[in-house]
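Asks: Let me give you the structure first, and then I'll get to my questions.
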Amino acid sequence: MKKLLVILLFFPLFLSKSLGAEVGVNKEDTVYIELGSNKKIAIVVDSQDDLKKLEDYDLNKIISDLNMHADTVVFKNKKEKKKQNKWEKDTTYYFHRKRADIDFSIANYKVEIKSNDFDDLGDDVEDFVEHYKYAEKEEKIEDEVEKHKKSFNIDLGMNNWLGGDGLASDNLHSVKPWGSWYVALKRNHRISTGGKGFINWGYGVSWYNWKFENRNARIVKGTDGITFQEDDSVEGLKSKLTASFVNLEVIPMLDYSYGKRKVNIVRHGNVSVTRYRKIGFRFGMGPYVGYRMGSKTKIVYKDNGDKKKDKDHDNFYLNNFRYGLRARVGYNKTDFFINYDLNKVFSKGKGPELNAISFGFIL
């Protein structure tokens, strides 16, 4: 059947005068369609009556179906001449059409684009955006029946650190809440355990940014450890410590909505966008571990009226590993997180006794 579709794909060319095709019938009931000087297509039938039966086919639909579903088109060519007293073997050519089907999830969105060709992707998306008001929209409540759902999530919040007496509040260790951002990019897997239970596990990268209240605070590294010092020789504008980690987390959770969610679907043309909004209350807690990839200090200051910026890439005796507990709470479409590192930020005896804490939203 597929060979017949391939043949029919070119049959309209036989009817088109614009292509200048030359048609002939030989004694074996074979129709040759010559395209140009060295291109030829052959349609082999048992009789001319079989050829007439092709008129019963909807050629436009056949071509459309072939274009949508045939990933590979195969042509065989047999050269009818001898070479060194041997017949040449059949040569098979494979023409792979460019598929552009895209299906991905990010946060609570799922996007599907069913384009015929990669070159059409931009046009399909542009057409979807332009006609969004008039697109087909559907809203429904359904059970989240997927046993294993994958998505991309972003943690966006603030971080600080805790000492023996709570939040570090002395002049040099104190951290500004606004500007001390915590950001994590993660690949998340949600696995149902039956009933109200499921497990969220994921991996990704995160960044701590501790921005000091004292703009002249400096971290000075020595052979025995680090010390926090104040530099009064310049006009400080910003001072912060940044550390990045690669992480793995496993969070068992309970969903009191029994997995129900509100689903909004928008379709137009070849593009479909689905948004899932969870319904009800859910919470969970579990462990995480991380390994430090890099760290640096950044200070911005004015010296004799000139704005300057210094960066120092060093380990500053930061612990290479981090581990702790993560709590996650959600209601309807909003989810929050709190991370608390059980180990100290700095290696034992090399810096102040501080534990990192971060909190914010899950996007």
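The values are calculated or read from the model by the stated rules, or taken from the named source; none is laboratory data. No experiment lies behind these values; they were computed from the predicted model shown. We place every Cβ from the backbone using ideal geometry, glycine too, and count neighbours over all the protein chains shown.
Asks: Give me the residue from segment 135-164 that is within 30 Å of residue 219 (Cβ to Cβ) and surrounded by fewer than 18 Cβ atoms within 10 Å (Cβ to Cβ) and, out of that set, modelled with the lowest pLDDT.
Replies: The first filter runs over segment 135-164 and keeps only residues within 30 Å of residue 219 (Cβ to Cβ), leaving 154-164.
Next cut, surrounded by fewer than 18 Cβ atoms within 10 Å (Cβ to Cβ) only: 154, 156, 162-164.
On the way: 154: 94, 156: 96, 162: 89, 163: 80, 164: 65.
Looking at the filtered set, the residue picked out is 164.
Asks: Conditions: (1) farther than 30 Å from residue 147 by Cα; (2) of a type in the set (A, V, I, L, M, F, W, C); (3) surrounded by 14 or more Cβ atoms within 10 Å (Cβ to Cβ). Residue 183 meets all but one. Number of the miss?
Replies: Checking residue 183 against (1) farther than 30 Å from residue 147 by Cα; (2) of a type in the set (A, V, I, L, M, F, W, C); (3) surrounded by 14 or more Cβ atoms within 10 Å (Cβ to Cβ), the one that fails is (1).
Asks: If residue 298 satisfies all but one of (1) without any contact (Cβ under 8 Å) to a residue 60 or more places away in the chain; (2) under 30 Å from residue 229 (Cβ atoms); (3) of a type in the set (D, E, K, R), what's the number of the condition it fails?
Replies: Here residue 298 clears every test but (1).
Asks: What strands (runs of 3 or more DSSP E) lie completely within segment 271-363 and have 3 or more residues being among the small types (Gly, Ala, Ser)? Don't jump to the end; show me each part of the working.
Replies: On the way: elements: 271-278, 281-303, 306-313, 321-331, 334-341, 355-362.
Passing ranges, in order: 281-303, 321-331, 355-362.
Asks: What is the number of the single condition among (1) surrounded by 19 or more Cβ atoms within 10 Å (Cβ to Cβ); (2) more than 30 Å from residue 102 (Cα to Cα); (3) not small (Gly, Ala, Ser) that residue 289 does not meet?
Replies: (1)
Asks: Give the residues of segment 165-189 that are touching a strand residue (DSSP E or B) at 6+ places or on another chain (Cβ under 7 Å), in a strand (DSSP E or B) and modelled with pLDDT under 90, sorted by residue number.
Replies: The one that is touching a strand residue (DSSP E or B) at 6+ places or on another chain (Cβ under 7 Å), in a strand (DSSP E or B) and modelled with pLDDT under 90: 167.
Asks: Residues 304, 319, 315: which one is exposed (fewer than 13 other Cβ atoms within 10 Å of the Cβ) and free of Cβ contacts under 8 Å to residues at least 40 places away in the same chain?
Replies: Details: 319 fails: exposed (fewer than 13 other Cβ atoms within 10 Å of the Cβ); 315 fails: exposed (fewer than 13 other Cβ atoms within 10 Å of the Cβ).
Exactly one of 304, 319, 315 is exposed (fewer than 13 other Cβ atoms within 10 Å of the Cβ) and free of Cβ contacts under 8 Å to residues at least 40 places away in the same chain, namely 304.
Asks: Still on this structure, please answer the following. What pairs can you find where one residue is in segment 342-361 and farther than 12 Å from residue 208 by Cβ, the other is of a type in the set (Ser, Thr, Tyr) and in a loop (DSSP other than H, G, I, E, B), and their Cβ atoms are less than 6 Å apart, with a gap of 6+ or different chains?
Replies: Listed pairs, sorted by first residue: 346/317; 347/317; 350/317; 351/317.
Asks: Looking at residue 195, is it on the phi > 0 side of the Ramachandran plot, in the same structural domain as residue 301 (by TED's automatic domain parsing), small (Gly, Ala, Ser) and surrounded by fewer than 16 Cβ atoms within 10 Å (Cβ to Cβ)? Step through it out loud before you land on a result.
Replies: Values: on the phi > 0 side of the Ramachandran plot: yes; in the same structural domain as residue 301 (by TED's automatic domain parsing): yes; small (Gly, Ala, Ser): yes; surrounded by fewer than 16 Cβ atoms within 10 Å (Cβ to Cβ): yes.
Answer is yes for this residue.
Asks: Could you check segment 326-343 and list, in sequence order, the residues that are at pLDDT 95 or above and not β-branched (Val, Ile, Thr)? Let's see the steps before the verdict.
Replies: The first filter runs over segment 326-343 and keeps only residues at pLDDT 95 or above, leaving 326-329, 336-343.
Within segment 326-343, 326, 327, 328, 336, 337, 339, 340, 341, 342, 343 qualify.
Asks: Has segment 198-217 got at least one residue that is assigned by TED's automatic domain parsing to the domain that holds residue 350, at pLDDT below 90, buried (at least 16 other Cβ atoms within 10 Å of the Cβ) and part of a strand (DSSP E or B)?
Replies: Going residue by residue through segment 198-217, those that are assigned by TED's automatic domain parsing to the domain that holds residue 350 are 198-217.
Those still in the list that are at pLDDT below 90 too: none.
For segment 198-217, residues assigned by TED's automatic domain parsing to the domain that holds residue 350, at pLDDT below 90, buried (at least 16 other Cβ atoms within 10 Å of the Cβ) and part of a strand (DSSP E or B): absent.
Asks: Being farther than 30 Å from residue 201 by Cβ and either at pLDDT 95 or above or out of contact with any Pro (no Cβ under 6 Å at 6 or more places or on another chain) (or both) narrows it down to one residue among 272, 244, 233, 295; which is it? Walk me through it before giving the result.
Replies: Numbers: 272 fails: farther than 30 Å from residue 201 by Cβ; 244 fails: farther than 30 Å from residue 201 by Cβ; 295 fails: farther than 30 Å from residue 201 by Cβ.
That would be 233, the only listed residue that is farther than 30 Å from residue 201 by Cβ and either at pLDDT 95 or above or out of contact with any Pro (no Cβ under 6 Å at 6 or more places or on another chain) (or both).
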